[in-house]
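Working notes, beginning with the structure itself.
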Amino acid sequence: MFAQRKSCFLDNHDLIHLAFSGELLTTKEARRRQLTYDKLVSGSKRTSALLVVREHLPSGNACLRINIDATRIGNVARFINHSCDGGNLSTVLVRSSGALLPRVCFFASRDILKDEELTFSYGDAGVNPNGSKCFCGSSCCSGIMPSEHT
Ligand SMILES: [Zn+2]
């Protein structure tokens, strides 16, 4: 996905009017699908779009986990690629008044030029040596997509 605003760039901290959308899954179903996706994508360029977000609550004793699978149903946010250097977008959980669950929204983490590819880090979890290959092309690319056992 690429920046297409007519003016020349997005400013640092601009909200990208896009939230990551997909199927909301139970953790049990997310784990089941992750195992299936790992088998399907191993050694190929196919990828899944299962996003697991953990929000640590202020008490420090609990964590809210949200599993969003955009592999089959989702919006264009599922086409935003990963970059090992953190990319040019950051994700922020945004709560609308009255909403139980937050939305995963994207903000520019630096100025973004027109036609520049939009990317963000899929995570910094331990690298699975059998995970999908990363083709981000950044100077700090690990060669493997971030993944973890969900
Ligand atoms: Zn990479």
Query - In segment 88-113, residue farthest from Thr27 (Cα to Cα) [restricted to those that are in contact with an Asp or Glu (Cβ under 9 Å, 6 or more places away or on another chain) and buried (at least 19 other Cβ atoms within 10 Å of the Cβ)] - result: Ile112
Requested in this report: Starting from residues that are modelled with pLDDT of 90 or more and among the acidic types (Asp, Glu), keep the ones in segment 1-35 and report whichever is farthest from Ala108 (Cα to Cα).
Outcome: Glu29
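Run down Ser147, Ser138, Ser142 and say which single residue is at pLDDT 90 or above and either within 16 Å of the ligand (Cβ to nearest atom) or part of a strand (DSSP E or B) (or both).
Ser138
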**Report entry** Pair list, Cβ < 6 Å and 6+ apart or interchain, from segment 68-90 residues that are outside any loop (DSSP other than H, G, I, E, B) to residues that are within 16 Å of the ligand (Cβ to nearest atom) and of a type in the set (S, T, N, Q)
**Finding:** Asn81/Thr119; Gly87/Thr119; Gly87/Ser121
Report summary line: Screening Arg65, Arg72 for residues that are loosely packed, with under 12 Cβ neighbours inside 10 Å and of a type outside the set (A, V, I, L, M, F, W, C) leaves only Arg72
Query raised in the report: From Val94, Val104, which residue is farther than 29 Å from Leu35 by Cβ, β-branched (Val, Ile, Thr) and touching a residue at least 60 places away in the same chain (Cβ under 8 Å)?
Result: Val94
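The values are calculated or read from the model by the stated rules, or taken from the named source; none is laboratory data. Bear in mind that the values here come from a model prediction, so they are computed numbers and not experimental data. Cβ coordinates were reconstructed from backbone atoms using ideal geometry, including for glycine residues, and neighbour counts include every protein chain displayed.
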